[in-house]
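Just below is one structure, and these are the notes that go with it.
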Amino acid sequence: MPSYTILLTKKAQKQLDKLTNDVAEPIIEAISKLENEPRPNGYTKLKGRDSYRIRVGNYRVIYEIKDEELIIDVIALGHRKDIYK
């Protein structure tokens, strides 16, 4: 299976930069694993849009998969109480 390219939006990069290292490291690791498996165990298709989400502790990563271009576009990430607003 070919590997995907991961792109972060400016919004997602800013959200990641605001997190402390002990919180950000597992999130970065989970995002990098999406290169080889864009639909890992526990992923969920979000209602109302063509996006998916994975859980990393109390944080969520929202992303889109573009299979024809082999791109994963990380749209947003944040704490579970704030991410869906």
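The values are calculated or read from the model by the stated rules, or taken from the named source; none is laboratory data. Owing to the predicted nature of the structure, the values given are computational and were not obtained by experimental measurement. Note: areas computed on protein heavy atoms with side chains; ligands, DNA, RNA excluded. Shrake-Rupley method; radii C 1.70, N 1.55, O 1.52, S 1.80 Å.
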Per residue, how much accessible surface does the chain expose to a 1.4 Å probe? Answer in Å², no decimals. 67 Å²
Helix 21-33 vs. the chain, principal-axis angle (Cα, 0 to 90°, nearest 10): 10 degrees
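Quick check: at a probe of 1.4 Å, how many percent of the accessible area of the chain sits on carbon and sulfur atoms? Write out the running numbers ahead of the final one.
On the way: 2670 of 5700 Å².
Exposed carbon and sulfur together represent 47 percent of the surface.
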One checks the Cα atoms of the stretch 6-49 and finds Rg and Dmax, in Å, of 11.9, 32
The orientation-averaged projected area of the Cα convex hull of the chain, in nm², is 5.6 nm²
Got a number for the accessible area of D50? Probe 1.4 Å, square angstrom, nearest 10. 120 Å²
